[in-house]
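The structure under discussion appears below in the form of structure tokens.
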Amino acid sequence: MADKKKKETDTPTKDEETAAQDYPTKVKFEVWGEEMIEKRVKLSGNSGRVYLPPTWVGHHVKIIRID
């Protein structure tokens, strides 16, 4: 296999890296599940917290930030 040398122009500039961090792109998720709840995250000390129904305890959940 021939090694492809990386050109200096292939690396993003600092401005491009900063712009990518400032404006994250949205991605589409397709998830299959049993129930869905939409809630706002509340402040809890130095982190965030979302309360879920007690019937969900012990079950596997996925959290997706939408905004």
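The values are calculated or read from the model by the stated rules, or taken from the named source; none is laboratory data. Since the model is a prediction, treat every value here as computed from it, not as a measurement. For neighbour counting, all protein chains shown are included, and Cβ atoms are generated from backbone atoms with ideal geometry for every residue, glycine included.
Please determine, by comparing only the residues of the range 1-37 that are within 16 Å of the chain's Cα centre (by Cα) and of a type in the set (A, V, I, L, M), which one is modelled with the lowest pLDDT.
Residue satisfying both the conditions and the ranking: Ala20.
The conditions are (1) at pLDDT 95 or above; (2) over 19 Å from the mean Cα position of the chain (by Cα); (3) loosely packed, with under 10 Cβ neighbours inside 10 Å, and Arg40 fails exactly one of them. Which is it?
(2)
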